[in-house]
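*Asks:* Quick one: the structure is below, and I'll ask about it shortly.
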Amino acid sequence: MNSKASNISAYVFLILAALCSVFPLYYMAIAATNTSVDVIRGTLLPGTHLFQNFSNLVAGTPLGIAMKNSLVNATSLTILSLVICSIAGYGFEIFHTKGKDVVMNILLLAMMIPFASTMIPLFRMFGQMGLVGSTVAVILPTISTPFLIMLFRQSSRDFPHEIIEAARIDGLNEIMIFFRLFIPTMKSTYSAAAVITFMGAWNNYLWPRVILLQKETMTMPMLISNLKAGYVTDYGMLMLAVLICTLPTVVIFFFFQKSFAEGISGSVK
């Protein structure tokens, strides 16, 4: 009886936790279909102003440009980060030395440095290089992160070293071993890293806001911020913009959900 009661309590807790997690998404979708007045009133029922809000959003903001810029920035950064960080993680583990452990520890210590403290030096450096306002300036500071390097290094520990030795005997060089053997084996880790990197790049606001100066380089988080900057805020249009900004990351996460869980847990297939 006690066991049954504890199970019921656990299920009730999980249901309440799930409702609390889903409610913000539900409210965001509902608010996108209502007028600003209805959103302020806190209505929880769908409205009829979805297309009107979308029309106002398209007419009053560079939505297409922002979506394109965010997609280019996030996709480019994700691809480059996966290549560079996976090579680094592979090298740290497969060609392991005590000196590499010291370097890795220094990289992990760098994770504790807040980005705001390096933002001004980065801006001055990119200004001297003439890269202010470019996509390159957005991508370069986060093209390689200690977390991703650590993730690939940990996954490389489960990679069978016997396969590497056999491949070397068969005449494969290290580049061929990496691209032909390591990458296909680590698909789950690449999926997890891709989800983390894409979501971080897509939602990045502070650095693009500082380094991108032209309207033509605006990203989705910057567009949403501009919608809140006026004297009067159209909350229906604002929530629709937030919903549109959220959809790509939701799609990416659900598409790689299974591989994401496997990659984070460190499993190798």
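Values quoted throughout were computed directly from the atomic coordinates according to the rules given, and no laboratory measurement underlies them. Bear in mind the structure is a predicted one, so any value in this text is a computation, not a measurement. Glycine gets a Cβ as well: all are built from the backbone with ideal geometry, and neighbour counts include every protein chain shown.
*Asks:* Given the convex hull of the Cα atoms of the stretch 43-183, what is a quarter of its surface area in nm²?
*Replies:* So the Cα hull casts an average projection of 14.9 nm².
*Asks:* Same structure again: Highest first, please rank the peptides 24-31, 217-224, 114-121 by the mean number of other Cβ atoms sitting within 10 Å of their residues.
*Replies:* 217-224, 24-31, 114-121
*Asks:* Expected output is a single nm value to one decimal: the length gained when fully extending between Met112 and Leu44, i.e. 0.36 nm times separation in residues minus the C-alpha distance. What is it?
*Replies:* 20.4 nm
*Asks:* Based on the alpha carbons, how large is the Rg to Rh ratio for the stretch 169-225 when Rh follows Kirkwood?
*Replies:* Over the Cα atoms of the stretch 169-225, Rg/Rh equals 1.29.
*Asks:* Further, regarding this structure: Counting each DSSP H run of 4 or more residues in the chain as -39500 (n - 2.57), what helix-only mean residue ellipticity at 222 nm follows after dividing by all residues, to the nearest 500 deg cm²/dmol?
*Replies:* The helix contribution divided over the chain gives -23000 deg cm²/dmol.
*Asks:* On the principal axes of its Cα set, how long, how wide and how thick is the stretch 42-105? Give whole Å, largest value first.
*Replies:* Largest to smallest, the principal-axis extents are 64, 29, 15 Å.
*Asks:* Given all pairs of different Cα atoms, what value in angstroms does the Kirkwood hydrodynamic radius of the stretch 159-269 take?
*Replies:* 17.3
*Asks:* Work out the P(r) tail for the chain: percent of alpha carbon pairs separated by more than 27 Å, whole number.
*Replies:* Taking all Cα-Cα pairs of the chain, the fraction more than 27 Å apart is 54 percent.
*Asks:* Right, another one. Order the peptides 231-242, 171-182, 186-197 from the highest to the lowest mean number of other Cβ atoms within 10 Å of their residues.
*Replies:* Top of the packing list down: 186-197, 231-242, 171-182.
*Asks:* Provide the per-residue ³J(HN,Hα) series for the stretch 164-180, in order, calculated from phi with Karplus coefficients 6.51, -1.76, 1.60 and θ = phi - 60°, each as a whole number of Hz, with x at glycine and proline positions.
*Replies:* Along the stretch 164-180, the couplings run 5, 5, 5, 5, 5, 5, 6, x, 7, 7, 5, 5, 5, 5, 5, 7, 8 Hz.
*Asks:* Dipole of the chain (Lys/Arg Cβ +1, Asp/Glu Cβ -1, origin at the Cα centre): which of Leu108, Ser6, His96 lies farthest to the positive side?
*Replies:* Final value for the positive-end residue is Ser6.
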